[in-house]
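The values are calculated or read from the model by the stated rules, or taken from the named source; none is laboratory data. Just so we're clear, the structure is a prediction, and the values are computed from it rather than from any experiment. Counting neighbours? That spans all protein chains shown, and the Cβs are built from the backbone with ideal geometry, glycine included.
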Amino acid sequence: MAMVYSQEIKQISYNKFLATSIKEFNTLPSGNLIIKDFKGNIAIIGNDENKISVTRTTFINVFSKEKALSILEHSMKIKDTGEENGIKTIFVESNIDTIKILNDNLEIKLPNNFSISARSNNGNLSIIFIQGKINISNSCGNIDLENLSGKFSILSSDGKVTGSQINGNVSISSENGSIQLKYLQGTLKAKTSSGDIRAKNIMGNIMAETYNGTIDLFNITGKTIYAQTNKGDLTAKEILGKNTIDLHVREGNISLENLDGNLEASALTGEIRLRNIKGNTKVWNTTGNINAHYIFGSFIATSSLGDISLSKIWGQLNNDHQIDLKTSTGNIDILLPNDFPANFTVYARDQASRSRDVIISDFPLNIKINSGISIAKGKNKNGLYKINLETNSGFIKIKSSKMLMQDNISQLH
């Protein structure tokens, strides 16, 4: 039963009226809110009161007050279905035939243990301070989520989705708009056809996909971390992955820094830049350079057209230190610690017949040259880890440094 209902309408121009109505209900601490076919802005706010308040602000484009009142009366139904099994359900439903001449806005205050299902368009939708299941669909407007806990399914078209301070599993699908989430404890599945994806301070699994847009990940800790963009750059910093971290780009650059976990990354057309990777790493691209600095684990890199550079950390953080670098056209430049136990196999084809300068190494290598092909082999220390380097058109340089030894690792950070 409604506790309070009030309505005020006033004319603000010769063909426009402004109507404000408030409807309030008694309720239990938990329930359901269902909104159907609403056109306009919606703000849903949770609180600690056992009361529901629906404030509607409506602009109506007509020439008489009587017509405005008639349209207002038939344009929306707000129904209280009563309580069943300790659950109250509130329905807010618009009349599709009348919403075209209205400019509507809703503010709904209700207990924070309510679940929400909403379908709206041509307006922004915000939800704050709610603990419950949320299933919303919104077109031609933004969605903002804040201070929520539960399970969330979000469908958006032509608008951005933002969220912060969320606890639970979040699934977001957008046809045309960016997705920005921060301070989430739970899982995130974000997918947009056209728009950027930014995720920051996430404690949980994440899957991020965009067909046309950039992806930025910062301070992510999870078992599964996957990101892919068809056209756009991908940046990831401060990432901790318990399983393999998968990051892929079709057209764009990849920049990764301070990752802890095994990594697989690829770019069909674009550069790959890595810094401070603690785990076994596998990267590949077709066109573009691969630059990797301070790699703690094994490193496998393949490029069809691009240079490969690597500086390798030799410590006890990883058991695998294999290095395998191959480029069809490009130079290879690696920097290793003085005491790195390497077993070298180096292959370089010199297209310009300058074979004597194709392989340059600070480590002792036995170099053999035949028909423009240089092949070198050698060991350092006990030769525990295999190092395979190969280019079909380019130079290979192998340098040594004391700064990359185990005792000096702390000086790099």
Residues of the range 277-313 classified as in contact (Cβ under 8 Å) with a residue 40 or more places away in the chain, assigned to a strand (DSSP E or B) and among the polar types (S, T, N, Q), total: 1
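Would you check which residues across the range 46-56 are surrounded by 16 or more Cβ atoms within 10 Å (Cβ to Cβ) and either over 36 Å from the mean Cα position of the chain (by Cα) or in contact (Cβ under 8 Å) with a residue 60 or more places away in the chain (or both) and list them?
Within the range 46-56, just Gly46 meets the criteria.
Within the range 238-260, does at least one residue satisfy the condition of being of a type in the set (S, T, N, Q) and in contact with a helix residue (DSSP H, G or I) (Cβ under 9 Å, 6 or more places away or on another chain)? Break it down stepwise before answering.
Keep residues of the range 238-260 that are of a type in the set (S, T, N, Q), which gives 243-244, 253, 255, 258.
Add one more test, that the residue is in contact with a helix residue (DSSP H, G or I) (Cβ under 9 Å, 6 or more places away or on another chain), and what stays is none.
Checked against the condition, which is being of a type in the set (S, T, N, Q) and in contact with a helix residue (DSSP H, G or I) (Cβ under 9 Å, 6 or more places away or on another chain), the range 238-260 yields no hits at all.
Considering only strands (runs of 3 or more DSSP E) fully contained in the range 340-413, which possess at least 1 residues that are modelled with pLDDT of 80 or more, touching a helix residue (DSSP H, G or I) at 6+ places or on another chain (Cβ under 7 Å) and farther than 23 Å from Thr302 by Cα? Reasoning before the result, please.
Working: elements: 342-349, 359-361, 366-370, 373-379, 385-391, 396-401.
Result: 366-370.
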Residues in the range 66-117 that are among the small types (Gly, Ala, Ser) and exposed (fewer than 15 other Cβ atoms within 10 Å of the Cβ) total 3
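Conditions (1) modelled with pLDDT of 85 or more; (2) among the aliphatic types (A, V, I, L, M); (3) in the same structural domain as Ile166 (by TED's automatic domain parsing), marked per residue:
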| site | (1), (2), (3) |
| --- | --- |
| Glu73 | no, no, no |
| Gly82 | no, no, no |
| Thr89 | yes, no, no |
| Val92 | yes, yes, no |
| Asn113 | yes, no, no |
Does Ser120 qualify as being in a strand (DSSP E or B), surrounded by 18 or more Cβ atoms within 10 Å (Cβ to Cβ) and out of contact with any helix residue (DSSP H, G or I) (no Cβ under 6 Å at 6 or more places or on another chain)? yes
Scan the range 123-145 for residues that are charged (D, E, K, R) and part of a strand (DSSP E or B) and report the count. 1
Number of the exception - Leu181 against (1) under 13 Å from the mean Cα position of the chain (by Cα); (2) not in a strand (DSSP E or B): (2)
Restricting to the range 196-215, name every residue that is crowded, with 19+ Cβ neighbours inside 10 Å and either over 16 Å from Lys160 (Cα atoms) or in contact with a helix residue (DSSP H, G or I) (Cβ under 6 Å, 6 or more places away or on another chain) (or both). Ile202, Gly204, Asn205, Ile206
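Would you please name the residue that is surrounded by the most Cβ atoms within 10 Å (Cβ to Cβ), looking only at residues in the range 258-293 that are of a type in the set (Lys, Arg) and farther than 20 Å from Gly232 by Cβ? Break it down into steps so the answer makes sense when it comes.
Initially, the range 258-293 is screened for residues of a type in the set (Lys, Arg), giving 273, 275, 278, 282.
Okay, now just the ones that are also farther than 20 Å from Gly232 by Cβ, so 275, 278, 282.
Details: Arg275: 16, Lys278: 20, Lys282: 16.
Of everything passing the filter in the range 258-293, Lys278 is surrounded by the most Cβ atoms within 10 Å (Cβ to Cβ).
When you check Phe59 against the structure, is it in contact with a strand residue (DSSP E or B) (Cβ under 9 Å, 6 or more places away or on another chain), of a type in the set (Phe, Trp, Tyr), in contact (Cβ under 8 Å) with a residue 24 or more places away in the chain and buried (at least 16 other Cβ atoms within 10 Å of the Cβ), yes or no?
Values: in contact with a strand residue (DSSP E or B) (Cβ under 9 Å, 6 or more places away or on another chain): yes; of a type in the set (Phe, Trp, Tyr): yes; in contact (Cβ under 8 Å) with a residue 24 or more places away in the chain: yes; buried (at least 16 other Cβ atoms within 10 Å of the Cβ): yes.
Criteria met by Phe59.
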